[in-house]
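Accompanying notes for the structure given below.
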Amino acid sequence: MSKSGRFSWFYFSSPQSFYPLAGTLQPWFAALAVILCAVGLYISFFVAPTDAQQGESYRIIFIHVPAAWMSMFLYLVMGFWSGVGLVFNTRLSSMVATALAPTGALFTFIALWTGALWGKPTWGTWWVWDARLTSELILLFLYIGFMALQAAIDDQRRADKAGAVLALVGVINVPIIYFSVKWWSTLHQGASVSMTGAPTMAKTMLLGMLIMALGFWMYSIAATLARVRCVILERERHTDWVAAEIGAQT
Amino acid sequence: MLEARQLECTRGDRCLFTDLSFKLGRGQMLRVAGANGSGKTSLLRIMCGLVSPSAGELRWQGRPIRDEREEYSRNLVFIGHLNALKDDLTALENLQCAAALSGKPADVGRMLAALERFGVAHCAELPAKVLSQGQRRRVALARLALAPAAPLWILDEPFSALDVGAVVELELLLAAHLASDGMVVLTTHQEVQVVAHAILRVDLDLHTAALRAA
Amino acid sequence: MKPRHKRFILVGAGIAGLALSAGLVLSAFQKNLVFFYTPTQVAANEAPVGKSFRIGGLVEKGSVKREADGVSVQFVVTDTAKSIPVVYRGILPDLFKEGKGVVTQGKIGPDGTFRAEEVLAKHDENYMPPAAQDAVNQATAKKAAQSMVASEKGK
Amino acid sequence: MNWGSWQNFLAMGGYGLYVWGSYAVTLIVLVAEIVALITRRRGVIEHLAKYYAARRRNHETEA
Amino acid sequence: MIRALGWVLRRDLLLAFRRRGDVVNALVFFVIVVSLFPLGVGPEASQLRNMAPGVLWVAALLACMLSLARLYAPDHQDGTLEQMLLAGEPLVVLVMGKVISHWLMSGLPLVLIAPLLGLQFDLPGDALAVLCVSLLIGTPVLSLIGAVGAALTLGVRGSGVLVALLVLPLYVPVLIFGAGSVGAVASGTGAEAHLMLLGGFLALSLVLAPWASAAALRIAME
């Protein structure tokens with residue numbers, strides 16, 4: 001993902017040189033994801049204590065919150081790379097945006113699903129139409145719309161650019177999701193971890209949640225790198241290096 | 001002056017042309033030749049600024065057209081495959097809208113004169129949908145006869161669906177435009193009888209875009 | 001007009017539009033635009049009339065009374081300034097407790113009692129083990145006691 | 001944290017269905033994505049191998 | 001700039017006038033959808049009154065969305081869109097003209113006929129007034145957002161369903177606050193906050209949507 005860009009943007013902005021780099025990095029991120037999730041799950045179930053209010057049902061937080069964070073964060077990253085692709089006409093950034101969308105949509109789905117399962121025992125309902133829940137649902141539709149639009153357009157360059165415009169229009173939704181609990185009085189509780197102010201969670205609970213979030217992050221990078229490799233092969237099939245790569249694979 | 005620098009165009013997996021450079025000066029005509037699917041229309045659309053080339057750039061009066069899109073558009077008349085006529089508007093209204101949108105509104109007398117040149121003045125009050133294919137093409141071409149003319153004309157198969165009389169009329173119009181230091185870019189399958197002090201030719205069939213002056 | 005001037009005008013209009021939009025949205029937030037109403041708002045007649053709406057607040061301590069049939073329950077929702085009595089027939093969520101947040105949907109009856117159709121618990125964003133919760137409770141009680149003493153002394 | 005027994009662990013203080021329902025679906029979704037990625041990669045490689053083979057044959061017959 | 005905008009507007013209104021049928025169809029669609037609900041739900045006045053804002057707004061949303069297909073597609077087919085991209089004026093301005101004419105032909109008629117339909121649902125007078133105001137502020141937003149969707153899906157296969165998928169989620173806030181304003185005034189809590197938010201959406205989409213739509217059109221024409 002953005003990792004490549006940091007040390008040598010120009011070299012790795014070509015699909016040909018990014019492809020092997022992604023291949024090298026991908027297993028490491030995957031391994032990190034497995035380790036972090038394992039540690040996170042251990043803390044979530046065996047170290048973090050019961051919650052005083054909610055009992056054991058709060059343990060859903062360890063996937064719900066990281067998934068919700070990822071759903072918003074991945075959309076921002078997708079919007080960023082879409083914008084870069086639109087402005088600088090760099091193929092790789094458009095490919096990365098395309099590769100991010102399915103993972104983002106999955107995390108949005110997970111956030112909604114676990115939220116429903118958490119809401120039933122604590123609030124007493126699977127779903128309410130409050131601002132936080134509604135805007136998160138719209139985020140899912142935006143991801144789906146992005147994928148559907150790209151799939152419907154045959155010309156690759158146009159698909160990338162049209163998707164980018166849609167992604168950028170949809171970015172408005174992300175701050176609405178994030179701040180909805182502050183702006184409106186919602187059923188959804190406020191943020192336990194915020195940029196300002198101390199977290200309102202017991203330390204071990206917070207630790208478990210943060211490690212799980214880190215694990216999801218690594219997973220997202222690994223999944224995106226794997227997908228972007230497929231996308232590169234498909235789109236660069238007319239080049240000699242892809243022909244050579246496929247020749248080596250088979 | 002219009003200058004193309006190392007233009008490249010790819011559609012899907014196919015590279016239509018690459019490293020295409022030419023210069024088109026005042027009073028010169030550029031004829032783009034090539035077989036079907038060789039990228040003639042794509043080149044014309046790139047030259048209009050409708051499509052950005054996958055590499056290279058176009059310069060108008062020394063400045064990239066990307067930077068001054070509207071300014072460039074005002075110096076340009078493009079007549080493409082489609083006639084850009086609204087079926088429900090009359091020939092006159094169509095011409096009026098086209099002129100207004102290109103930033104050069106004209107009065108009715110001039111427009112009727114332009115239609116007259118292509119022999120469609122009697123259709124001026126008819127909705128475009130009742131016109132024949134040839135008549136519609138003539139109405140579209142009447143934009144060229146509207147004075148004051150934009151310096152650069154880009155025409156995609158302007159002679160298609162025209163009868164002999166209209167072909168001659170268009171050739172005269174092109175010659176007059178070139179004589180008054182205008183520039184013309186066109187694609188066509190038939191030979192053009194236009195007197196001009198330079199007719200350039202780009203042949204897209206020869207992939208390396210050989211350029212020769214006639 | 002040069003293209004540069006046009007772009008300038010367009011960008012200026014855009015910025016003005018954004019400012020107008022921000023102003024309108026922010027002043028809308030000053031007004032009453034809510035998922036639920038507080039008892040104070042209901043008392044000030046800001047809540048809808050003759051229509052189902054939600055009230056939110058805390059369940060007043062010691063106000064929860066269960067009827068003999070086991071499914072009907074009465075309690076009082078308060079925001080510490082005003083309070084509204086609520087009657088409800090149905091299953092309460094697990095987090096429904098005295099002194100905790102609640103959001104309930106229903107209509108106000110002619111006697112001023114809120115007839116709830118749905119009761120939802122609203123929990124806060126604090127997560128801590130029971131022992132820590134006890135400590136917090138004790139601390140707040142102590143603080144409250146101290147402030148009582150202080151105010152007594154002040155008199 | 002000591003759960004005492006497997007039953008306690010699975011029961012999650014009475015919220016077993018909700019907690020395990022969340023974790024199970026998350027696991028299923030993520031595993032499904034991984035499987036989809038692996039099959040996609042195989043599919044792409046297979047498809048492109050055929051594509052290049054067809055192109056080679058085409059060149060040979062032309063030549 | 002203003003003159004170019006005026007010309008686009010004039011041309012589109014003239015075309016709409018020559019093809020009155022299309023405008024009338026959208027309006028009839030709106031009326032029929034709204035009138036179906038009392039038939040399906042039953043004639044109980046209080047229930048209808050509660051449903052009215054939502055029903056009217058959803059029907060307005062759908063009617064507006066259906067007419068999006070006519071926004072750019074005909075111009076795309078006959079080549080006039082190409083000429084618009086080559087006009088000597090910023091494309092944003094021309095897009096604005098297209099959007100205004102779309103609103104005049106699809107949004108404004110809805111606003112005018114909505115009070116009549118509101119009577120069908122037994123809405124009180126003040127609620128009818130707020131319904132009109134909310135539609136007046138809200139339907140331009142629908143046209144503006146719709147213009148982005150229409151431009152993005154221009155000439156794409158299956159664009160009818162796709163435009164719904166792209167545009168409807170973005171319509172949600174307008175629906176919530178549009179219908180909410182009528183509901184709020186019907187239940188005695190003022191509608192100012194809702195209308196102000198709608199106004200905020202309108203200002204925001206007036207700024208952003210024409211740019212996005214113009215960018216999408218350039219992309220679509222490549």
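Near A:LYS120, which aspartates and glutamates are there with a Cα under 16 Å away, not counting those fewer than 8 places off in the same chain? List returned: A:GLU56, A:ASP130, C:ASP94, C:GLU118, C:ASP124. Across the alpha-carbon set of the range B:86-149, the Rg to Rh ratio works out to 0.92, Rh being the Kirkwood radius. With the simple model of a label 7 Å out from the Cα in the direction of the Cβ, A:VAL34 to B:LEU82 spans 5.5 nm.
Set against the 2.2 N^0.38 Å expectation for a compact globular protein, chain D has a Cα radius of gyration ratio of 2.31.
Dimensions of chain A from C-alpha coordinates, computed as largest minus smallest value along each principal axis and given longest first, are 62, 35, 32 Å.
Compared with its chain on its own, the range D:3-21 contains the following residues whose accessible area drops by 50 Å² or more in the full protein assembly (probe 1.4 Å; ligands, DNA and RNA excluded): D:TRP3, D:TYR15, D:TYR18. Shown here are the Rg and Dmax of the Cα trace of the range A:6-113, at 17.8, 54 Å. Calculated on C-alpha atoms, the gyration radius of chain B divided by its Kirkwood radius gives an Rg/Rh of 0.96. Put simply, the C-alpha atoms of the range A:163-250 give a gyration tensor, and the ellipsoid matching it has half-axes of 41, 21, 8 Å, longest first. Divide the volume of the convex hull around the Cα atoms of the range E:2-221 by the residue count and you get 113 Å³ per residue. Measuring between alpha carbons in the structure, the pairs from A:LYS161/A:LYS182; A:LYS161/B:LYS129; C:LYS51/C:LYS82; A:LYS203/C:LYS65; C:LYS61/C:LYS107 lying more than 31 angstrom apart are A:LYS161/A:LYS182; A:LYS161/B:LYS129; A:LYS203/C:LYS65.
Within the range E:101-222, the proportion of Cα pairs with more than 16 Å between them is 64 percent. Just so you know, the Rg over Rh for the range A:56-104 is 1.22, from Cα atoms, with Rh as the Kirkwood radius.
A 1.4 Å probe run over the protein assembly as shown, with the rest of the protein chains in place, finds 44 Å² accessible per residue. Each part gets one Cα centre, and for the range E:124-192 versus the range A:16-54 those centres are 42 Å apart. When each full DSSP H helix of chain E is screened for a Cα extent of at least 20 Å along its own axis and an average Kyte-Doolittle hydropathy of at least -1.0, the helices passing are E:2-18, E:20-41, E:45-66, E:125-152, E:159-186, E:192-221. Residue-wise HN-Hα couplings along the range A:97-109, as the Karplus relation 6.51 cos²θ - 1.76 cosθ + 1.60 with θ = phi - 60° gives them from phi, are 4, 4, 6, 6, 4, x, 4, x, 4, 5, 5, 4, 4 Hz; Gly and Pro carry x. Helical runs (DSSP H, four residues minimum) scored at -39500 (n - 2.57) apiece and divided by the length of the protein assembly as shown put the mean residue ellipticity at 222 nm at -20500 deg cm²/dmol. Between C:LEU26 and A:VAL193, the modelled label-to-label distance comes to 3.1 nm, taking each label 7 Å out from Cα in the direction of the beta carbon. Taking the square roots of 5 times each eigenvalue of the Cα gyration tensor of the protein assembly as shown, largest first, gives ellipsoid semi-axes of 60, 37, 21 Å. Seen against the Cα atoms of chain B and their longest principal axis, helix B:91-101 is set at about 50 degrees. Here D:ALA32 and C:ALA132 are evaluated by their C-beta separation; at R0 = 41 Å the FRET efficiency comes out at 0.60.
Between B:ARG110 and C:GLU125, the simple spin-label model (points 7 angstrom out along Cα→Cβ) gives 6.5 nm.
Rounded to the nearest 100, the interface formed by chains A and C buries 2400 square angstrom of accessible surface, both chains summed, with a 1.4 Å probe.
The values are calculated or read from the model by the stated rules, or taken from the named source; none is laboratory data. The structure presented is a predicted model; accordingly, all values stated were derived computationally and were not measured. All Cβ positions, glycine included, derive from the backbone under ideal geometry; neighbour counts span all protein chains shown. These accessible areas exclude ligands, DNA and RNA; they are computed on the full protein's heavy atoms, side chains included. Shrake-Rupley method; radii C 1.70, N 1.55, O 1.52, S 1.80 Å.
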